[in-house]
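Just below is one structure, and these are the notes that go with it.
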Amino acid sequence: MNLQNSLTNLQDNISLKKDIINDNDLTISKTLNLQNSLTNLHDNISLKQDIINDNDLTISKTLNLQSSLTNLQDNISLKQNILISGTNITIDEKNNISSTGGGFWNNSRTT
């Protein structure tokens with residue numbers, strides 16, 4: 001068979017093929033492994049819990065949650081518990097806090 005005949009034969013075979021696959025043109029069994037994949041997907045979804053309820057998870061099952069909570073508590077523990085009036089800090093009877101002098105400086109300039 002020569003090249004021209006091969007090309008003509010190929011074109012004829014292509015022309016016999018459908019341009020578009022429509023609804024109901026294929027059965028699941030004609031698509032490689034589709035049914036198995038769908039069945040496996042359904043089975044895996046069926047194994048999942050619908051809703052996570054109170055006490056369904058332990059802290060150890062949530063990635064890095066315990067260490068994050070521990071670090072947060074450590075940082076909170078380092079903070080001052082109670083603000084006490086003293087050098088440069090005043091707390092009045094209405095719990096208004098003010099400070100004077102000390103580590104504050106005015107960044108504005110006049111020219």
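In the condition set (1) modelled with pLDDT under 80; (2) of a type outside the set (S, T, N, Q); (3) in contact with a helix residue (DSSP H, G or I) (Cβ under 7 Å, 6 or more places away or on another chain), L65 is compliant with all but (1).
Comparison of I59, I82, I21, I97 shows that the only residue that is at pLDDT 80 or above and not basic (K, R) is I97.
For segment 26-47, filtered to residues that are hydrophobic (A, V, I, L, M, F, W, C) and part of a helix (DSSP H, G or I), the residue that is modelled with the lowest pLDDT is I28. Report, by residue number, each residue of segment 8-25 that is in a loop (DSSP other than H, G, I, E, B) and among the β-branched types (V, I, T). Listed by number, the residues that qualify are I20, I21.
The values are calculated or read from the model by the stated rules, or taken from the named source; none is laboratory data. In this text, all values refer to a predicted model and were calculated from it rather than measured experimentally. Neighbour counts are summed over all protein chains in view; Cβ atoms, including those assigned to glycine, are modelled from backbone coordinates with ideal geometry.
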